[in-house]
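Read the structure below first, then the notes.
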Amino acid sequence: MRTLLRGTVAAVAVLVLSVSTFAQTYYNTIEKPLYAGQSILIGKLVVQQLKENGQKYFVITYDTTSAPAGYDGYVPGWTMQTTHLYVGTAPPKKSAPGRFPFKHEGLDNVTVDTYKIPYSQFFGTQCSGSKKLYIAAHADTCEAGECVPDFASLAASLAAANGSTASLDQNTPAAFAELLSSVFGPILAWCVQEDAPLYITNYTTQFLLTYNADGTSNTAALAWMGTGAQAMGVTAINYLNFLINQPYVVNCGSGVPFHFGVIPNVAFDQGGPPTDYGDLVITKDDIQVAIWHITNNTPLDEYGNPGNGSGMYAPAFHVQAIVAHVAANGANFVPGCGDYVLALVDPTYAPKPTLVIQNLGFALPLSGTTGTGNCETAWAKGTTRFCTGWGSYFVYNVK
């Protein structure tokens, strides 16, 4: 018992020592506004002191994700390509940032850039007495441009899957989903044709994106849907892509209700005054029937009876809420950066190419490239102006 007790105490002592050894304490924090082009508030400069592992440091951070408290007019979306920093015990003699003692060049449009400078670099081992640092902070900054979605790369990645073969269990898209997820990661999948079965066999598969490389709707995809979508045309593609990007689809199964609220009932063949759908928890069956309503004109109440024998249950009120939401908002939807794009798979059974087989739809993530817009030099606002230019510096009282 004594040995066990000693061992326990020793372990606790080691644990406490470990925690204290790696403790970090930030203190004496100040913030200065960071301005681009003299008048555009794009962020802040944060100056702190740090005690870490028994050593002292100055930590100076450029941050364009927010402005200091109390400053209005912050303009988000700016990034940094270069930062130049003056820190010294005497005021800077010139405003030439390229001659400042600290610099980070070649930054890739970052929003946060940090310098960690040892206390001893300025004050040696001196820890007492009144001390001051003079700080000037400059940055080369640019306003982030709009992200341009890259449909071409997504289509090329999808094309690599064309001609693949997959073994499929009847009435489940799991095998196709597994095939695509090996390229794109976990994905959501649905059937896009009602009453078209999947057979227990091997298929030669072809994949198709619902948008062309230039972002226009790929009308060839309509041939892989039902007659309802074919009659509707391009709008059906926009509807389906709007649908798969909604939280009640992306987070399906989470049990979190979505607020539909009041929506006009102008969806396809539905008319009448607006309906207040309130908050609804949408299920995968609700989504599937809504998709079939778009692609195949499936009645909203087709699976509204729990005993319909299909193994699916989708209350008509839920399906109508989804369809009304899509019709009211999705007619002109085109996916952008970070959205999902609907891709289709057309399975062909080689021995009987005329056999009607279920086409499947998948949600694939769309990336893009972000350029730069307006570029300006930026300075942290100080209290003392340089003789030339509009930059300034300030005094930091060391503790």
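The values are calculated or read from the model by the stated rules, or taken from the named source; none is laboratory data. Only a predicted model underlies this, so the values are computations on that prediction, with no experimental measurement involved. Neighbour counts are summed over all protein chains in view; Cβ atoms, including those assigned to glycine, are modelled from backbone coordinates with ideal geometry. With ligands, DNA and RNA removed, areas are computed over all heavy atoms of the protein, side chains included. Shrake-Rupley method; radii C 1.70, N 1.55, O 1.52, S 1.80 Å.
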Practice problem: Have a look at THR275, THR235 and point out the one that is farther than 28 Å from TYR211 by Cα and surrounded by 15 or more Cβ atoms within 10 Å (Cβ to Cβ). | Solution: THR275
Practice problem: Taking LEU168 as the residue in question, decide whether it is at pLDDT 65 or above and farther than 30 Å from GLU376 by Cβ. | Solution: no
Quiz item: Within region 310-330, is even one residue open to solvent by 60 Å² or more (accessible area, probe 1.4 Å), in a strand (DSSP E or B) and more than 26 Å from LEU208 (Cβ to Cβ)?
Solution: no
Quiz item: Quick one: in region 44-74, which of the residues that are touching a residue at least 40 places away in the same chain (Cβ under 8 Å), open to solvent by less than 60 Å² (accessible area, probe 1.4 Å) and farther than 25 Å from PHE386 by Cα is farthest from the chain's Cα centre (by Cα)?
Solution: LYS56
Quiz prompt | Residue ID - least open to solvent (accessible area, probe 1.4 Å), chosen from residues in region 129-143 that are more than 24 Å from ILE42 (Cβ to Cβ) and small (Gly, Ala, Ser) | solution = GLY129
Exercise. Go over the candidates TYR71, TYR115, TYR62, TYR86 one by one and state the one that is closer than 19 Å to LEU45 by Cα and part of a loop (DSSP other than H, G, I, E, B).
Key: TYR71
Quiz item: So which residues in region 281-291 are open to solvent by 20 Å² or more (accessible area, probe 1.4 Å) and farther than 12 Å from CYS252 by Cβ, if there are any at all?
Solution: none
Self-check item: Search result, residues across region 243-260 that are touching a residue at least 60 places away in the same chain (Cβ under 8 Å) and open to solvent by 20 Å² or more (accessible area, probe 1.4 Å)
Solution: ASN245, GLN246, VAL250, CYS252
Quiz prompt | Every pair of residues 6+ apart whose Cβ atoms lie under 8 Å, when the first sits in region 132-147 and is free of Cβ contacts under 8 Å to residues at least 60 places away in the same chain while the second is in a strand (DSSP E or B) and of a type in the set (Val, Ile, Thr) | solution = none
Quiz prompt | Filter result (open to solvent by 20 Å² or more (accessible area, probe 1.4 Å), small (Gly, Ala, Ser) and assigned to a helix (DSSP H, G or I)) within region 217-232 | solution = ALA220, ALA223, ALA231
Exercise. Would you be able to say whether some residue in region 255-269 is among the aromatic types (Phe, Trp, Tyr), closer than 13 Å to ILE322 by Cα, modelled with pLDDT under 90 and touching a helix residue (DSSP H, G or I) at 6+ places or on another chain (Cβ under 9 Å)?
Key: yes
Exercise. Please verify whether region 379-395 includes one or more residues that are open to solvent by 40 Å² or more (accessible area, probe 1.4 Å), in contact with a helix residue (DSSP H, G or I) (Cβ under 9 Å, 6 or more places away or on another chain) and touching a residue at least 24 places away in the same chain (Cβ under 8 Å).
Key: no
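Residue-wise test of (1) of a type outside the set (A, V, I, L, M); (2) at pLDDT 80 or above; (3) open to solvent by 50 Å² or more (accessible area, probe 1.4 Å).
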| site | (1), (2), (3) |
| --- | --- |
| LEU15 | no, no, yes |
| VAL19 | no, no, yes |
| ASN28 | yes, yes, no |
| GLU31 | yes, yes, yes |
| ALA36 | no, yes, no |
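Looking at ASP150, is it at pLDDT 90 or above, under 30 Å from the mean Cα position of the chain (by Cα), surrounded by 15 or more Cβ atoms within 10 Å (Cβ to Cβ) and closer than 30 Å to TYR27 by Cα?
The answer is no for ASP150.
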